[in-house]
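The values are calculated or read from the model by the stated rules, or taken from the named source; none is laboratory data. Just so you know, these numbers come straight off a predicted model, no measurement behind them. FYI the Cβ positions are ideal-geometry reconstructions off the backbone, even for glycines, and counts take in every protein chain you see. Surface areas here come from the heavy atoms of the whole protein model, side chains and all, with no ligands, DNA or RNA. Shrake-Rupley method; radii C 1.70, N 1.55, O 1.52, S 1.80 Å.
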Amino acid sequence: MRTLIVSVAKTGHVNQCHAFCEAAGWTPDAVELIPSPARMTGPLDRLVLNARKRIAIRRAAPRARSPGRLRIVASGGAAEPVVAAYRALFGTDVFAVFSGRPRWRDEIFDVALVGRHAFEGDDPPDAAAFPAARTTVLRLGVMTRRIQGPRAADAPAGLVALIGGLNKAFTIDPARIASQLAALSERRANQPLTIAFSRRTMRTVESRLRAAFAGRAVFVDRSDRAGFEAAMAGADGYAVTPDSLTMTCEACATGRPVTLFDLECFDPSSSTARFARDLLSRDLVASATGERAAIGCPPGLFDPPSPALDAYDIWASGGSAAPRRRIDLSPR
């Protein structure tokens, strides 16, 4: 049986799709990436990316039905028209999972994994609010891939700081980060400190942090995935800029204590800001400027949920489709 990933061309979305495939034991046969503008994309770049998105959607859509059944894992709104085209050809012979809040008006997904941060308010919508999915699973955060890097036997445990970049909610202020990180390091009796940069970290932010902690920290370059995984595996705690859902969830998924840097939020209504507030209000993470210490998230909180895998098992065995339903797995 073929497995296809269809995702907006953004690292976090693609990682969510791979996380589900890994949990299900599926090896993707192909990955279709759809360029799409983000919330912070400028007007000119938005025009270019929208044009590229339309072309990519046409290319990714199937021309004719291939033999056999098909599994699709998708993420991002740009992936929905591609999945709709596959559904039109394959009918019930395709099993489709969506990571995110689906907005398609027809039922094209068997399961949608929707983070609570995707909507405002404490009372989430019922199943009818997501017509694109037969089963809606409400959860906290997004799926993450397991960190594969082994922890070296002689590696000293310490704090790993994960630094993000250009985003839709928080100002990445290197002076503010450096001040809070220095205080965190001092409270930890100056244990080993590692600072890892993401691909989105602005060069000015990176250079200022490298200068501020020269000789006091080990730095992981933005392109060094192996170094990032080794640092993640070796840490006994993390400090994360709250701009990145993926980095935050990756840290929380370890079950070790996570601290969020206290940064200026210029868009409190954004899903990223809502997610950070949700974690803090549930005491799953601590604030870098607060007095409460983080205790770590429960194991499996950011794993692909079992109801989605159960729905696939029923489909794979030829069973009848489950009635439309909503399952809330977010912690109380």
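A few comments on the model shown:
- Any hit, the range 305-312, residues being among the polar types (S, T, N, Q) and within 21 Å of the chain's Cα centre (by Cα): yes
- Yes/no for C297 being open to solvent by less than 60 Å² (accessible area, probe 1.4 Å) and assigned to a helix (DSSP H, G or I): no
- Residue match in the range 303-317 (condition: open to solvent by 30 Å² or more (accessible area, probe 1.4 Å), assigned to a loop (DSSP other than H, G, I, E, B), free of Cβ contacts under 8 Å to residues at least 12 places away in the same chain and closer than 30 Å to R69 by Cα): yes
- Selected residue [closer than 18 Å to A316 by Cα and touching a Gly at 6+ places or on another chain (Cβ under 8 Å)] from R87, R2, R71: R2
- Being touching a residue at least 12 places away in the same chain (Cβ under 8 Å), among the aliphatic types (A, V, I, L, M) and either within 23 Å of S330 (Cα to Cα) or open to solvent by less than 20 Å² (accessible area, probe 1.4 Å) (or both) is a description that does not apply to A226.
- Test result for A169, in contact (Cβ under 8 Å) with a residue 60 or more places away in the chain and touching an Asp or Glu at 6+ places or on another chain (Cβ under 6 Å): yes
- Considering residues of the range 229-286 that are among the aromatic types (F, W, Y) and open to solvent by less than 20 Å² (accessible area, probe 1.4 Å) only, the residue nearest to G158 (Cα to Cα): Y238
- Condition met for G215 (of a type outside the set (V, I, T) and either buried (at least 21 other Cβ atoms within 10 Å of the Cβ) or touching a strand residue (DSSP E or B) at 6+ places or on another chain (Cβ under 9 Å) (or both)): no
- Residues of the range 318-331 classified as assigned to a loop (DSSP other than H, G, I, E, B) and under 12 Å from L113 (Cβ atoms), total: 2
- First in the range 111-130 and open to solvent by 30 Å² or more (accessible area, probe 1.4 Å), second anywhere and of a type in the set (F, W, Y) and at pLDDT below 85, Cβ under 8 Å, 6 or more apart: P125/F119
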